Amino acid sequence: MKPVFAENAWVAVRDALQSGRKVVALLPCGATEAHGPHLPLNTDVIISETMAARALPLLQQRGYAAAILPPLAYMPAGYAEAFSGTITVSAATAKALVLDIAMSLKAQGFACLAFANSHFDPANVAMLREAAEDIRGRGLSVAFPDFTRRKLAQTLTEEFQSGACHAGQYETSLIMAARPDLVDETGRLKLRDNPASLTDAFAKGARSFAEAGGPDAYFGFPRNASAAEGDESFKVMASALADTIAEAASN
């Protein structure tokens, strides 16, 4: 089975499911939303797909057959909806789609569905947590390394942990590592530092990036980004994804 799920003929998927190996489907979860004036709207999709791709060799080493599903590019993104290009959907719509995908995979005999998520809008994270519980209740194992949980957050960069990390040094580094051609380098180097913490702003009731202190849809320190940092973050994220899948698929 090819690593990109949709590039397979149906018989390749059938053969993988009949091989006796546990077959895992990785679902990249992102959004189409503003990421500062220097990063593309599909930043989260790129990060989630790359995380999943880098987890595949780790899963193969453990004996799993795994493939990356077409990504979810439309998710709850209410905090960014004031910015042109952002497309947000309701949590109910997104959850219904995730559940339908999961049940289709379960019916075919997949051993596990994994969420590779890098879109941390609170509504999206809450939706994925709820969906994961519902899917497990319906009999399919789910792996969801939730990087907003403290244990996993502490494995990522200082900026990520601060909460000032939307289109900042953390995410810009990831895109520089995965798709440097999509980074506006000239624009990035002109951006002022913005240490405003989204996490703190959410806790205080902010309902938009502007209210949170990000009038240009970025937080953090994009001028400090580097491809090397992005590669290191991807290693951490891919390892966490593979570990979570191994734990979920063994149950």
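Only a single criterion out of (1) part of a helix (DSSP H, G or I); (2) out of contact with any helix residue (DSSP H, G or I) (no Cβ under 9 Å at 6 or more places or on another chain) is not satisfied by residue 102, namely (2).
When you look at residue 21, is it open to solvent by 20 Å² or more (accessible area, probe 1.4 Å) and touching a Phe, Trp or Tyr at 6+ places or on another chain (Cβ under 9 Å), yes or no? Judged against the criteria, residue 21 is a match. Per the listing 49, 33, the residue uniquely open to solvent by 20 Å² or more (accessible area, probe 1.4 Å) and touching a residue at least 40 places away in the same chain (Cβ under 8 Å) is 49. With the structure loaded, tell me whether residue 164 is free of Cβ contacts under 8 Å to residues at least 40 places away in the same chain and either in contact with a helix residue (DSSP H, G or I) (Cβ under 7 Å, 6 or more places away or on another chain) or part of a loop (DSSP other than H, G, I, E, B) (or both) or whether it fails that test. Judged against the criteria, residue 164 is not a match. Taking helices (runs of 4 or more DSSP H) as the structural unit, those lying wholly within the stretch 183-251 and holding at least 1 residues that are acidic (Asp, Glu), loosely packed, with under 15 Cβ neighbours inside 10 Å and within 20 Å of the chain's Cα centre (by Cα) correspond to 227-249. Among the residues of the stretch 107-143, the one identified as in contact with a strand residue (DSSP E or B) (Cβ under 8 Å, 6 or more places away or on another chain), touching a residue at least 24 places away in the same chain (Cβ under 8 Å), part of a helix (DSSP H, G or I) and more than 14 Å from residue 76 (Cα to Cα) is 135.
Among the conditions (1) within 16 Å of the chain's Cα centre (by Cα); (2) surrounded by 14 or more Cβ atoms within 10 Å (Cβ to Cβ), residue 106 misses just one, which is (1).
The values are calculated or read from the model by the stated rules, or taken from the named source; none is laboratory data. Please read all numbers here as calculations on a predicted model, not as lab measurements. Methodologically, a virtual Cβ is constructed for each residue, glycine included, from the backbone with ideal geometry; neighbour enumeration extends over all protein chains shown. In case anyone asks, the SASA skips ligands and DNA or RNA and just uses the protein heavy atoms, side chains included. Shrake-Rupley method; radii C 1.70, N 1.55, O 1.52, S 1.80 Å.
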